[in-house]
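**Q** Okay, here's the structure, questions in a sec.
The values are calculated or read from the model by the stated rules, or taken from the named source; none is laboratory data. Not measured: the values here are computed from a predicted model. Don't worry about glycine lacking a Cβ; one is built from the backbone with ideal geometry, like all the others, and counts go over all protein chains shown. With ligands, DNA and RNA removed, areas are computed over all heavy atoms of the protein, side chains included. Shrake-Rupley method; radii C 1.70, N 1.55, O 1.52, S 1.80 Å.
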Amino acid sequence: MSSSPDVGADLTTNRALWTVVNSAFTDEDGWRAWSAGEVTWGLFAVPERDVGVLGDVRGRDVIELGCGTAYFSAWLARRGARPVGVDPTHAQLTTAARCQRRSGMMFPLIEADAQNVPLRDASFDLVLSEYGASVWCDPDRWVAEAARLLRPGGRLVFLTNSVLVTLCVPEEEGVAEERLLRPQRGLNRVRWPGGGTEFHPSHGEWIRILSGNWFVVEALHELYAPADSTGHAYYDIATAEWAGRWPVEDLWAARLEA
């Protein structure tokens, strides 16, 4: 997969979309997410204690690429990490800053594109993305940037839609169905009718991109909705029933070769 020729256009479109989403949902939901008692993953809040992908983050320098309202960075800060949140959408970072003031938990927030982060090489032990750069940025670009930012032996952990759920979501958006609705070819770059450009490489493409940037894959966790899950309050990718039967998200972990 080659780098997108429309990086600037994609950034502008995605920033506009997330300004709207912030107004409709994430601004109001920000403090609830910041206040959550444990680290969870994805739309159906799969507990990190059941996955064990992060390890001990105490004393680790962490950068979250596409942090949104920075709730995940806040969770890690409570566990002793030193996070930095990066996001291109001013409205999202405004919500994050308000939550920082309310909680008294301060860490750097940088308004920047995750494909071009204004920070030094080899500054971090962990690069994280939960539905941030992992979905909304050209993977060839942001994974290369993650490798640049990591110290040798550092780790990359990111969550994105599963390949299967992406194949089963209708072209005009809506929840996943119980049949394939899209060809796998062409999913590398998806423009939604309502705005926004997403990137959904296949597993083989992810491995190519990661290995091409000197990452060694440690794990791929395919996440299902827990048995007691209900539908998400805002995002409608898949129902809890669907996600209880098929993997709704892919959670990758990789280590940068020393």
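**Q** For the range 137-180, name all the residues that are assigned to a strand (DSSP E or B) and open to solvent by 20 Å² or more (accessible area, probe 1.4 Å).
**A** Pass one, the range 137-180, residues assigned to a strand (DSSP E or B): 150-161.
Answer for the range 137-180, where residues must be assigned to a strand (DSSP E or B) and open to solvent by 20 Å² or more (accessible area, probe 1.4 Å): R151, P152, G153, R155.
**Q** I want to confirm something. Restricting to the range 81-136 and keeping residues that are assigned to a helix (DSSP H, G or I) and small (G, A, S), which single residue is nearest to V248 (Cα to Cα)? Show your work before the answer.
**A** In the first step, residues of the range 81-136 are kept if they are assigned to a helix (DSSP H, G or I); the result is 90-103, 133-136.
Then keep just the ones that are small (G, A, S); that gives 91, 96-97, 103, 133-134.
Values: A91: 28, A96: 27, A97: 31, S103: 32, A133: 18, S134: 15 Å.
Filtering the range 81-136 for residues that are assigned to a helix (DSSP H, G or I) and small (G, A, S), the one nearest to V248 (Cα to Cα) comes out as S134.
**Q** Next question, about the same structure. Would you check which residues across the range 209-240 are without any contact (Cβ under 8 Å) to a residue 40 or more places away in the chain, surrounded by 14 or more Cβ atoms within 10 Å (Cβ to Cβ) and more than 19 Å from the chain's Cα centre (by Cα) and list them?
**A** Scanning the range 209-240 gives a single hit, G231.
**Q** Another question, if that's okay. Quick check on my filter: what residues within the range 202-230 are in contact with a Lys or Arg (Cβ under 8 Å, 6 or more places away or on another chain) and either closer than 27 Å to E241 by Cα or part of a loop (DSSP other than H, G, I, E, B) (or both)? Lay out the reasoning, then the answer.
**A** In the first step, residues of the range 202-230 are kept if they are in contact with a Lys or Arg (Cβ under 8 Å, 6 or more places away or on another chain); the result is 215-216, 218, 224.
The answer is Y224, and nothing else.
**Q** When you check W18 against the structure, is it within 24 Å of F107 (Cα to Cα), at pLDDT below 95 and either among the aromatic types (F, W, Y) or open to solvent by 30 Å² or more (accessible area, probe 1.4 Å) (or both), yes or no? First the steps, then the outcome.
**A** Values: within 24 Å of F107 (Cα to Cα): yes; at pLDDT below 95: yes; either among the aromatic types (F, W, Y) or open to solvent by 30 Å² or more (accessible area, probe 1.4 Å) (or both): yes.
Considered against the rule, which asks whether it is within 24 Å of F107 (Cα to Cα), at pLDDT below 95 and either among the aromatic types (F, W, Y) or open to solvent by 30 Å² or more (accessible area, probe 1.4 Å) (or both), W18 comes out as yes.
**Q** Identify, by number, the condition in (1) open to solvent by less than 60 Å² (accessible area, probe 1.4 Å); (2) farther than 23 Å from N161 by Cβ; (3) touching a residue at least 12 places away in the same chain (Cβ under 8 Å) that W31 doesn't meet.
**A** (1)
**Q** Cβ-Cβ distance below 6 Å, separation of 6 or more or different chains: which pairs start in the range 122-136 with a residue that is of a type outside the set (S, T, N, Q) and end on one that is modelled with pLDDT under 95 and not in a loop (DSSP other than H, G, I, E, B)?
**A** V135/E198; W136/N14
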